[in-house]
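The values are calculated or read from the model by the stated rules, or taken from the named source; none is laboratory data. Predicted model, so just to flag it, every value in this text is computed and none were measured. Using ideal geometry, Cβ is built from the backbone for each residue, glycine included, and neighbour counts are taken over all protein chains shown. SASA here: full protein model, heavy atoms, side chains in, ligands and nucleic acids out. Shrake-Rupley method; radii C 1.70, N 1.55, O 1.52, S 1.80 Å.
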Amino acid sequence: QVQLVESGGGLVQAGGSLRLSCAASGRTFSRYALGWFRQAPGKEREFVPAITWSTSNTYYADSVKGRFTISRDNAKNTAYLQMNSLKPEDTAVYYCAAHISGSVTTPRGFGSWGQGTQVTVSS
């Protein structure tokens with residue numbers, strides 16, 4: 001099983017950028033599709049983007065298309081989420097997770113959740 005640790009969150013002004021990292025331990029990292037999710041206070045956890053193990057397929061929530069980019073480096077056992085043109089509504093705890101089964105856009109299809117990293121966008 002893979003273990004995941006997120007980093008790179010912080011406080012940024014609207015319009016700014018952040019890059020989140022998801023570091024994995026375990027030899028099977030490259031076998032998993034990976035997803036990023038976020039959860040704001042009082043809201044359900046929601047899908048952001050996902051990427052398949054081959055990096056040939058990526059999926060994005062409509063709310064982040066054109067602003068966020070997901071990537072992965074299997075040699076470094078790390079996935080990334082580049083976030084540009086950040087908005088106050090992007091404020092949330094961001095989690096990465098490994099896909100287990102089913103849809104790559106719903107949280108229940110994922111496991112091995114990281115502890116999350118806080119992203120706060122000020123207006």
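In this entry, Leu86 passes the filter for residues that are hydrophobic (A, V, I, L, M, F, W, C), open to solvent by less than 60 Å² (accessible area, probe 1.4 Å), at pLDDT 95 or above and more than 14 Å from Phe47 (Cα to Cα). For segment 19-51, a residue qualifies if it is part of a helix (DSSP H, G or I) and open to solvent by 30 Å² or more (accessible area, probe 1.4 Å), and the qualifying residues are Ser30, Arg31.
The combined condition, being polar (S, T, N, Q) and closer than 23 Å to Pro88 by Cα, is not fulfilled by Ser71. The residues listed here are Thr91, Thr105, Thr55, Thr69; of these, the one that is out of contact with any Gly (no Cβ under 7 Å at 6 or more places or on another chain), open to solvent by less than 50 Å² (accessible area, probe 1.4 Å), polar (S, T, N, Q) and touching a residue at least 12 places away in the same chain (Cβ under 8 Å) is Thr91.
Looking across segment 24-41, the residues that are of a type in the set (Gly, Ala, Ser) and modelled with pLDDT of 95 or more come down to Gly35, Ala40.
Could you tell me whether Ala61 is of a type in the set (A, V, I, L, M) and touching a Phe, Trp or Tyr at 6+ places or on another chain (Cβ under 9 Å)? Walk me through how you get there before you give the answer.
Values: of a type in the set (A, V, I, L, M): yes; touching a Phe, Trp or Tyr at 6+ places or on another chain (Cβ under 9 Å): yes.
In short, yes.
Checking each residue of segment 83-91 against the condition of being in a strand (DSSP E or B) and in contact with a Pro (Cβ under 9 Å, 6 or more places away or on another chain) gives no match.
If you go through segment 72-81 and keep only what is open to solvent by 60 Å² or more (accessible area, probe 1.4 Å) and either of a type in the set (Ser, Thr, Tyr) or within 21 Å of Gly9 (Cβ to Cβ) (or both), you end up with just Lys76.
Just one of the listed residues (Arg19, Arg31) is touching a residue at least 60 places away in the same chain (Cβ under 8 Å) and touching a Phe, Trp or Tyr at 6+ places or on another chain (Cβ under 7 Å), and it is Arg19.
For segment 1-18, taking the residues that are part of a loop (DSSP other than H, G, I, E, B) and at pLDDT 95 or above, the one that is surrounded by the most Cβ atoms within 10 Å (Cβ to Cβ) is identified as Gly9.
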